[in-house]
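Read the structure below first, then the notes.
The values are calculated or read from the model by the stated rules, or taken from the named source; none is laboratory data. Keep in mind the model is a prediction, meaning the values are calculated, not measured. Every residue, glycine as well, gets a Cβ built from its backbone with ideal geometry; the counts of neighbours run over all protein chains shown.
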Amino acid sequence: MTRIPLMRNIAVVCSLSFLGTIGFAQDKPLKKDLKFTVIPKNINNPYMVIQSGGATDACKELGIEGKVVGPSETGASAQVPYINTAITQRQNAILIAANDPNALVPYLKKAMSQKISVVTLDSDTAPEGREIFINQASAEGIGQSLVQTLAKQIGSSGDFAILSATPNATNQNTWIKYMQQELKKPEYKEMKLVKIAYGNDEDQKSFTETQGLLQAYPNLKGIISPTSVGIAAAARYISTSPYKGKVALTGLGTPNQLRQFVKDGTIKEFELWNPADVGYLAAYAAAQLASGNIQGKEGETFAAGKLGTRTVGKDGVVLLGPPTVFNADNIDKFNF
Amino acid sequence: MSEGQSSTRRLVRRVSWEAILALLLVLALVGGAVLNKDFLTAENWANLLANFTEIALMALPLSLIVITNEIDLSVASILGLSSSLLGALWQYKLAMPLVLVTCLVAGALCGWLNGFLIVRFRLPSLAVTIGTLALFRGFAYIILGDKAIADFPSEYAEFGIGVVPNTFIPTPFVLFIVLALIFWILLHHTTIGRRIYAIGGNPTAARFSGINLNRLKLLLYVASGLISALAGIVYTFRFSSSRADNGTGFELSAIAAVFLGGVTVQGGKGTVTGVVLSLLLIGIINNMLTLADVASEILRIVTGSLLIVSVLLPNLIAKTRESWRLMRRQREIARLGSAS
């Protein structure tokens, strides 16, 4: 008689402690007094400001001293001095949105050799230059859905152009690659990509590049701009030009910047994710790396605060989730 | 007799500028060490020296040009042109030594163009080099467009970011040390140097004493182009990135260093020592501010202010000296007058 309750008790205790270890396995303690440096692509970029803000919010939650430093122009060489300063200041982790996949690798390798954890977010470097990359959404998914959105708006036929950021930006080129792959499908055979223009993530340059595109290609039916600076500048130009409503504009942008253009019809639909979440997740990943709790290997899991438990995928990539589509119906629900 | 006195006084004035720079340098070093515990580390000094290597290289021939009362604002554009040429040629997989020589020759040709226009047509160097600033940068864009080339062979990339073993001296900085010595010997211990001062101090007298101004100025511009191209190569390997817009704006930092180094706007005065000291000073100040996480725009304010101060200060000092001299003379006259 006493054996059964004992067995039951043993079973209960065993299963509870088993569940307990699963729960606590992701809650390994963090090192104290960690210091992080967040290096965006450029500091006066509204998207980057939101993203870096998410990272510093996470740092505050974790009791980490985090700061945001970066160049005012989007060049890889402009980011190098900040990486070097972070090494000299003996930071524990560098969170960086890379302006170039290769140019930064020697410097990031130097950082890693000094026991500084390196996490890339938004725009990756070659895998040997970092331990974890926070990818906002699957690159293939972004490329496919952007082409699909534009095709819907121009009836899957006509010339269109892409207004990108800087010619080297890793994320831009990856998304463009998947866009071109998607275009090879038979349902898009009437659609032609006539030009890829570069606005360098600078408002003024993106504006003039949009002007140039519309003047050089009078038959242009649409523009995809997978950069929040580019799409905002293009929208600004198109909404005050005779092309409004005639040339479809879509891409990646923030709701706050594009709300007026959705309301006045310049843009029907565009996509994004929450950039703050990207920064937030990056900081949590970096905290675990810097504390030695994970190494960035496939299959490792870690707790990411309000974003729940996350798993490291292949090549050290951590995916945030699917992109959100914004249009006139839902744009007022978001505030970033 | 009075000439001897005034030339010693002039010598004292010259030494003072470099002495002031040396004093400021010491103050900056102390300040840097006190304000930031990471300032005196080998790691930091490697970064500090590496960060201004290209500007330092360009400032050397530039200071000689300014002493002859000319200027060269196209140095940063030649840097960019050399960098984009390097990337473009490397894309065709030519042998790297050949590519490097081609870039240097291209830089020398650019310098020759500057010199030719200035000397042959007696055009003001400010106007010519502003024009070539745009022209050469334009060539850089034609050669490479918006692209960036990044895959250079590892031994060159390591040269760019490495240090001399067991020291904190970046390997490219060694080039600067060697060239600084060469220019120091050239300017202060050869007749060519004497002639450079003569051209700046009194061009007419120099011409009548048989100095070939045209040839010397042309040579200086060719040297400036050559060394700017070298700076372009160093920059490209340091960042493993060949882009048409590399080095944009560097000419301002180079000019600031030259003027802060004691080379006067009117020409005819200045030393290589002064320019080296001012380069170090600006480098240290920039480094201190970067360690304190000051934004890069504020660093530009610092460079600009130093440039203004370095041009304004000799002017003010000369004016105050002149008015003191006048006061002293008036007092002497008054004294002599009352004595008789």
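Tabulated data for the structure shown
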| read-out | value |
| --- | --- |
| Enumeration of residues in the range B:145-173 that are away from every other protein chain (no Cβ under 14 Å) and exposed (fewer than 14 other Cβ atoms within 10 Å of the Cβ) | B:VAL164, B:PRO165, B:ASN166, B:THR167 |
| Among (1) in contact with a Gly (Cβ under 6 Å, 6 or more places away or on another chain); (2) facing chain B (nearest Cβ under 10 Å) - the single one A:LEU108 does not satisfy | (2) |
| Any hit, the range A:156-175, residues being in contact with a helix residue (DSSP H, G or I) (Cβ under 7 Å, 6 or more places away or on another chain), at positive phi and without any contact (Cβ under 8 Å) to a residue 40 or more places away in the chain | yes |
| One residue from B:GLU297, B:GLU322, B:GLU332 being under 25 Å from A:VAL69 (Cα atoms) and exposed (fewer than 12 other Cβ atoms within 10 Å of the Cβ) | B:GLU297 |
| Within the range A:225-336, helices (runs of 4 or more DSSP H) holding 2 or more residues that are within 28 Å of A:THR166 (Cβ to Cβ) and in the same structural domain as A:ASP57 (by TED's automatic domain parsing) | A:275-290 |
| Residue within the range B:177-197 that is within 13 Å of chain A (Cβ to nearest Cβ), free of Cβ contacts under 8 Å to residues at least 60 places away in the same chain and either of a type in the set (A, V, I, L, M, F, W, C) or surrounded by 15 or more Cβ atoms within 10 Å (Cβ to Cβ) (or both) present | no |
| Test: residue in the range B:153-174 that is under 22 Å from B:ASN51 (Cβ atoms), of a type in the set (Val, Ile, Thr) and within 18 Å of the chain's Cα centre (by Cα) | yes |
| Helices (runs of 4 or more DSSP H) fully within the range B:24-98 counting 2 or more residues that are among the hydroxyl-bearing types (Ser, Thr, Tyr) | B:53-67, B:75-91 |
| Qualifying residues in the range B:283-340 (those that are hydroxyl-bearing (Ser, Thr, Tyr) and within 21 Å of the chain's Cα centre (by Cα)) - the one farthest from A:ILE87 (Cα to Cα) | B:SER310 |
| Candidate set from the range A:66-105 (those that are more than 7 Å from chain B (Cβ to nearest Cβ) and part of a strand (DSSP E or B)); member that is surrounded by the fewest Cβ atoms within 10 Å (Cβ to Cβ) | A:VAL68 |
| Members of the range A:161-178 that are crowded, with 20+ Cβ neighbours inside 10 Å and either touching a Leu at 6+ places or on another chain (Cβ under 6 Å) or among the basic types (Lys, Arg) (or both) | A:ALA161 |
| Matching residues in the range A:40-65 - criterion: being within 13 Å of chain B (Cβ to nearest Cβ) and among the aliphatic types (A, V, I, L, M) | A:ILE43 |
| Answer residue from the range B:285-294, given it is in contact with a helix residue (DSSP H, G or I) (Cβ under 8 Å, 6 or more places away or on another chain) and of a type in the set (Val, Ile, Thr) and is surrounded by the most Cβ atoms within 10 Å (Cβ to Cβ) among those | B:THR290 |
| Residue count, the range A:27-50 (criterion: within 24 Å of A:ARG310 (Cα to Cα) and assigned to a loop (DSSP other than H, G, I, E, B)) | 9 |
| Top-ranked residue of the range B:82-104 - restricted to ones that are over 27 Å from the mean Cα position of the chain (by Cα) and surrounded by fewer than 15 Cβ atoms within 10 Å (Cβ to Cβ), ranked as modelled with the highest pLDDT | B:LEU98 |
| Restricting the range A:117-141 to residues that are closer than 13 Å to A:GLN295 by Cα and either free of Cβ contacts under 8 Å to residues at least 40 places away in the same chain or among the acidic types (Asp, Glu) (or both), the residue that is nearest to the other protein chains (Cβ to nearest Cβ) | A:VAL118 |
| Residue check for A:GLN144: touching a helix residue (DSSP H, G or I) at 6+ places or on another chain (Cβ under 7 Å), over 30 Å from A:SER291 (Cβ atoms) and free of Cβ contacts under 8 Å to residues at least 60 places away in the same chain | yes |
| Selection from the range A:229-238 of residues that are free of Cβ contacts under 8 Å to residues at least 60 places away in the same chain and either β-branched (Val, Ile, Thr) or more than 27 Å from A:ILE43 (Cβ to Cβ) (or both) | A:ILE238 |
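Yes/no per residue for (1) assigned to a helix (DSSP H, G or I); (2) modelled with pLDDT of 85 or more; (3) within 14 Å of chain A (Cβ to nearest Cβ):
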position: B:ALA256; (1), (2), (3): yes, yes, no
position: B:PHE259; (1), (2), (3): yes, yes, no
position: B:VAL263; (1), (2), (3): no, yes, no
position: B:GLY267; (1), (2), (3): no, no, no
position: B:GLY283; (1), (2), (3): yes, yes, yes
position: B:VAL294; (1), (2), (3): no, no, yes
position: B:THR303; (1), (2), (3): yes, no, no
position: B:ILE308; (1), (2), (3): yes, yes, no
position: B:LEU313; (1), (2), (3): yes, no, no
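Residues are listed down the side, and each one gets a yes or a no for (1) within 14 Å of another protein chain (Cβ to nearest Cβ); (2) assigned to a strand (DSSP E or B); (3) under 30 Å from A:ILE96 (Cβ atoms); (4) touching a Cys at 6+ places or on another chain (Cβ under 7 Å):
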{"residue": "A:ALA161", "(1), (2), (3), (4)": "no, yes, yes, no"}
{"residue": "A:PRO167", "(1), (2), (3), (4)": "yes, no, yes, no"}
{"residue": "A:GLN181", "(1), (2), (3), (4)": "no, no, yes, no"}
{"residue": "A:LYS192", "(1), (2), (3), (4)": "no, yes, no, no"}
{"residue": "A:SER206", "(1), (2), (3), (4)": "yes, no, yes, no"}
